[in-house]
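The block underneath contains the structure these notes are about, expressed in structure tokens.
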Amino acid sequence: MIIRPARNVLGAVRLPGDKSISHRYAMLGAIAEGKTRITNFSTGADCASTLNCARQLGCEVIRTPEGAVEISGMQPLRQPSDSLDCGNSGSTMRMLSGILAGHDFESRLRGDESLSRRPMGRIMEPLRQMGAKITAAANERPPLCIRGAGLRSIDYRMPVASAQVKSAVLFAGLFAHGETSVEEPFRTRDHSEQALRAFGAELSRTRNRVTIAGGQKLHAIQGFVPGDISSAAFFLCAAALFADSNLVIEDLLLNPTRATLLDLLRALGARISVINLEEQHGELVGTIKLEAGPLKGATISGGDSVALIDELPVLAAIAPYTQDGIEIRDARELRVKESDRIALVARNLRAMGAECEEREDGLRVPGNQQLHGAEIDSGGDHRIAMAFAVAALRATGDTLIHGADAAKISFPEFFQMMESVVER
Ligand code: S3P
């Protein structure tokens, strides 16, 4: 994919449904009583992996011509005849493991080359404590083999702040005897809590600790998935780069555990207004407008690094165009995402002529730098491909992105939709 420099970003977009919420609605729909119908379901390959796993587990799953997804729930799920293919999706493997831990059969979960390198010990530990038998390849890497049933409740303090781990434990908690609690070191996205409630379960939260009682039955919903804010990040950051930009994003997910990007862009100098706001199944949805201002700089650390974890690559990619640069700390988790995102961001920034300092847990990218077009390596990582497509819009000369089709993992329409708001 070749990206030519742009003059401005102008217009309005409406984005496919949020990846995190789509996974959860699909998984809970698979174990709920009745037929769940989900509109604006994510168009990404990751969520298609979750739907395929639901099919392999015996659920009827239909995509209607209007793009809605219908899932007929089944309880219990059926033992799959083949291993469950999670593709590139860590969310599918980790969260589904929580559900499979509650089922009295053996199942295997495998992934592609990238997923096969990602750590699974973080879900194996609590699910084993609950009584599931789980084995993995060397170093607790996929494939996983899970034999579940007869779970006991636990009170688990997560060593890493991960919404996927929290979700796996809460989903397993549905099948356990007694009350399961999970405590997170920093607040992570709360879509599982919202979705469980939408499907009829009760949960309680005190500070960073969530508790769920086992044995609760779920009921199908008619759900709408708001536009993916992590996909919106590429558009918002692109618009933030041009003084005369004006970008409207309709029906966007504005859940406070996901909307830290808006606070950060405001702190950098962008003007963002929320035009309307409503709640659907516990999720805030709204229309926002961004107009650029001169971009200052920022340091991102602690809980903000957790909340912005998926947006950090694109923030690092636009950092050279800010006045004072961006420093990212406490983001070691970036090294075990779909790629080592710290190393790849640093390498690609340097390819475009930027200076940057790579650290074990983050990066420091000085501001006031002009980038030039270059050859970019996505490393097969969707967010790296899209982040550097954004950086390329303000560079001098064309940029060639190798492995740009990785965008299909979360956002197949990305390049086409970006073209619709870019002025040259
Ligand atoms: C996700 C949680 C995050 C995030 C991922 C989606 C989720 O991962 O990076 O893209 O839907 O719960 P971790 O749970 O590993 O932090």
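The values are calculated or read from the model by the stated rules, or taken from the named source; none is laboratory data. The structure displayed is predicted, hence computed values, not measured ones. Cβ: placed from backbone, ideal geometry, glycine included. Neighbour counts: every protein chain shown. The accessibility values were calculated without ligands, DNA or RNA, using every heavy atom of the protein model including side chains. Shrake-Rupley method; radii C 1.70, N 1.55, O 1.52, S 1.80 Å.
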Which residue fluctuates most in the GNM of the chain (Cα springs below 10 Å): Ser49, Ser20, Ser273?
Ser273
Of the beta bridges DSSP finds with both residues in the chain, what % are antiparallel, to the nearest 5?
70 percent
The range 126-229 - Debye-derived log10 I(q)/I(0), Cα point model, q = 0.12, 0.19 Å⁻¹
-0.43, -1.01
Find the Cα radius of gyration of the range 273-424, compare it with 2.2 N^0.38 Å by division, and give the number to two decimals.
1.06
Given the peptides 258-266, 92-100, arrange them by the average over their residues of other C-beta atoms within 10 Å, most packed first.
92-100, 258-266
Provide the FRET efficiency to the nearest 0.05 for the Arg4-Met74 pair, computing r from the beta carbons and using R0 = 30 Å.
0.05
Can you tell me the orientation of helix 382-393 relative to the chain, as the angle in degrees between its alpha-carbon axis and the longest Cα principal axis, to the nearest 10?
20 degrees
Put Glu338, Glu113, Glu413 in order of accessible area, largest first, 1.4 Å probe: what do you get?
Glu113, Glu413, Glu338
Of the listed peptides 315-323, 416-424, 374-382, what is their order by residue-averaged count of other C-beta atoms within 10 Å, with the highest listed first?
315-323, 374-382, 416-424
Please report the Cα spread of the range 186-282 along all three principal axes, rounded to whole Å, starting with the longest.
55, 30, 19
With all protein chains present and a 1.4 Å probe, the order of Lys35, Lys217 from largest accessible area down is Lys217, Lys35
At 4 °C and 1.567 mPa s, what whole-number value in µm²/s does Stokes-Einstein give for the translational diffusion of the range 18-132, with Rh from the Kirkwood sum over Cα pairs?
91 µm²/s
For the range 365-424, inverting the pair-averaged 1/r of distinct alpha-carbon atoms gives a Kirkwood value in Å of 12.1 Å
Column: log10 I(q)/I(0), Debye, Cα scatterers of the chain, q = 0.06, 0.11, 0.12, 0.14 Å⁻¹
-0.23, -0.79, -0.94, -1.25
How many percent of DSSP beta bridges within the range 32-159 run antiparallel, rounded to 5?
90 percent
Full extension between Thr135 and Lys35 adds, at 0.36 nm per residue less the Cα distance, a length in nm of 32.7 nm
